[in-house]
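Undergrad: Have a look at this one.
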Amino acid sequence: MTDETDAILSLLPTRLKEARRAQGLSLDAVAKLSGVSRSMVSQIERGESSPTIATLWNLTRALQVDFAGLLDEGGQDQIEVLRTADVPSIENRGAGCTIRILSPPEDAGRHEVYEVRFTEGGMLDSQAHRRGAREHLTVIEGKLVVTSGGAQEKVSQGDTARYAADVPHRITADRPARAFLVVQDA
């Protein structure tokens, strides 16, 4: 093995253990989620066993971490930039609104970040997300009306609305507007 390979492999046990702890998972939970035995997970975390690619893949999927980033030596000293031309967007989730997805795919369902642009009369109408879901909407430009269940509020530039998203909810704009939307536990 090369020195570079040895250095990468020496990071693996620590990175896997950090990822498991960051998720608040026990060895047993990781074993159940990944299909890798508890003893093997423990041996890998202690640096006593080198996992196969298949085992490593199963562990990274269970821990919801990036396979390549887990082995990258410079992980802490990097800045990921999502260029505006590369930001994925959704056009068909409402009328007169465009949703730009700013959060990484691995955060889907846990902590999602969007930029939402509304045209005049635009609307984003959403069904209830899973129980306990919440949204945090900050208006950057314009004014919006937020409806969550039976509650409704007008939200102006600079304001933030926090509301239940586990009930039907809607965001409407009389005039062009732009907002950042954070969805928790969707």
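Undergrad: Assign unit charges at the C-beta atoms only (+1 for Lys and Arg, -1 for Asp and Glu), then state the dipole size of the chain relative to its Cα centre in Debye, rounded to the nearest 20.
TA: Using Cβ point charges on Lys, Arg, Asp and Glu, the chain gives about 820 debye.
Undergrad: With log10 I(q)/I(0) by the Debye sum over Cα atoms at q = 0.09, 0.15, 0.18 Å⁻¹ defined as stated, name the option among (i) -0.47, -0.90, -1.07; (ii) -0.35, -0.88, -1.15; (iii) -0.43, -0.90, -1.19 computed from the structure displayed.
TA: (i)
Undergrad: Amide H neighbours of G109 under 5 Å, at least 5 residues apart or on other chains, H built in the peptide plane: list them.
TA: A186
Undergrad: By how many nm would the segment from K143 to R110 lengthen if fully extended, with 0.36 nm per residue of separation less the alpha-carbon distance?
TA: On the way: separation 33, 0.36 × 33 = 11.88 nm, distance 2.71 nm.
Gain in length upon complete extension: 9.2 nm.
Undergrad: Taking only Cα atoms and a 10 Å spring cutoff, compute GNM fluctuations for the chain and point out the largest among D107, D86, D125.
TA: Checking each option, the largest mean-square fluctuation is seen for D86.
Undergrad: Out of residues 5 or more away from S49 or on other chains, whose amide H comes under 5 Å of its own, with H placed 1.01 Å from N in the peptide plane?
TA: Amide H to amide H, under 5 Å and 5 or more residues apart or across chains, S49 pairs with I44.
Undergrad: With the contact rule set at Cα under 8 Å and sequence spacing of 6 or more, what percent relative contact order holds for segment 28-158? Kindly include the intermediate steps, with their values, before the conclusion.
TA: On the way: 124 pairs, mean separation 16.1, N = 131.
Taking the mean separation of contacting Cα pairs over the length of segment 28-158, I get 12 percent.
Undergrad: Can you list residues whose amide H is under 5 Å from A165's amide H, if they're 5+ apart or on another chain and H is modeled 1.01 Å from N?
TA: Those lying under 5 Å, H to H, from A165 are A133, R134, E135.
Read-outs throughout are calculated quantities, based only on the coordinates presented, and are distinct from any laboratory measurement. Here the structure is a predicted model, which means the values were calculated and not measured. All Cβ positions, even for glycine, are placed from backbone atoms using ideal geometry, and neighbour counts span all protein chains on display.
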